[in-house]
Amino acid sequence: MKKALIVIGFILLVVALFLSLADKPHPKIVLTGNTGHEPIDFTPKAYQCSACKMPIEGKKYAGEVVAPDGKTWFFDDVGCLGAWIADQRFKAKAVIWVFTIDSKRWLDGRVAWYSVFESTPMGYGFGAYEKKGEGMIDFDTMVERMVRGENLTNRDYAQKLTKQHGSD
């Protein structure tokens, strides 16, 4: 009888734990049904980055990728988006959205310009802008740099970039 009560108590504890977890909203990684291929305006922590799995705290450095079938992936850092899209079979047909720092709106990521010295959530350093500024790069260059590891998380590259930037 005593063993049965212990087992029942344990089962009740496990059930209570699962029920408590079910009550909390969990961040989403992928949204389906975006057939209009539009950017999804989201609230902080509603989605998590599809690359690094961090909750997306805000739009400032955020990006989104919409596949031809309407699946939408979310990114907390433009660098995460760049590294992730490089490996996707549908990358040429994807619609890419980035939130711009200067105009504070969603813009086609392929026409945005990218700074290289931002303090981004994952530390890659790329920030999206609508208007081109000195030292900014285009989308393809940003993706290439992420693939090659040429970003601010690479200390040697960051020092080299800082020296080049400082000597201009």
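Taking K and R as +1 and D and E as -1, what net charge do the other residues with C-beta under 10 Å from the C-beta of VAL116 add up to? Mind dumping the intermediate values first?
On the way: positive: ARG145; negative: GLU118, GLU150.
Net charge in that neighbourhood comes out at -1.
Percent antiparallel among DSSP beta bridges with both residues in the chain, to the nearest 5? For the chain, the DSSP antiparallel bridge percentage is about 95.
Taken as Cα centroids, the range 136-168 and the range 88-118 sit 17 Å apart, rounded to the nearest whole angstrom.
What does the net charge come to around ASN151 if you take all other residues with beta carbon closer than 13 Å to its beta carbon, with K and R at +1 and D and E at -1? Spell out each step's value before the answer.
Numbers: positive: ARG145, ARG148, ARG155, LYS160; negative: ASP77, GLU118, GLU144, GLU150, ASP156.
Local charge sum for ASN151: -1.
Which of the pairs LYS131/LYS163; LYS45/LYS131; LYS131/LYS160; LYS28/LYS91 have their Cα atoms more than 23 Å apart in this structure? Listed pairs above 23 Å: LYS131/LYS163; LYS45/LYS131; LYS131/LYS160. A Gaussian network model of the chain, with springs between Cα atoms under 10 Å, assigns the largest mean-square fluctuation among GLY70, GLY79, GLY109 to GLY70. Considering helices alone, the calculated mean residue ellipticity of the chain at 222 nm is -9500 deg cm²/dmol, with DSSP H runs of length four and up weighted by -39500 (n - 2.57) and normalised per residue.
Extension gain for the segment ILE6 to LYS160, taken as residue separation times 0.36 nm less the Cα-Cα distance, is 49.1 nm to one decimal. For the range 30-166, relative contact order (Cα pairs under 8 Å, six or more residues apart, normalised by length) works out to 19 percent. Along the Cα-to-Cβ line of THR153, 7 Å from the Cα, sits a label point; which residues in the range 76-105 have backbone N less than 18 Å from it? It comes to 76-88, nothing else. Is any helix in the chain, taking whole DSSP H runs, at least 24 angstrom long along its axis by alpha carbon and on average at least -0.5 on the Kyte-Doolittle scale, and which ones? Qualifying helices, which must be both long enough and hydrophobic enough, are 2-22. Counting 0.36 nm for each residue step from THR35 to ASP138 and taking away their Cα separation leaves a gain of 34.4 nm.
Each residue of the range 40-56 is assigned a 3J(HN,Hα), and the resulting list reads 9, 7, 10, 8, x, 6, 6, 10, 10, 4, 5, 9, 9, 6, 6, x, 7 Hz, derived from the Karplus form 6.51 cos²θ - 1.76 cosθ + 1.60 (θ = phi - 60°), x at Gly and Pro.
Rule-based calculations on the coordinates, nothing more; no lab input. Note that this is a predicted model, so its numbers are computed, not measured. Here the Cβ is made from the backbone with ideal geometry for all residues, glycine too, and neighbour counts use every protein chain on show.
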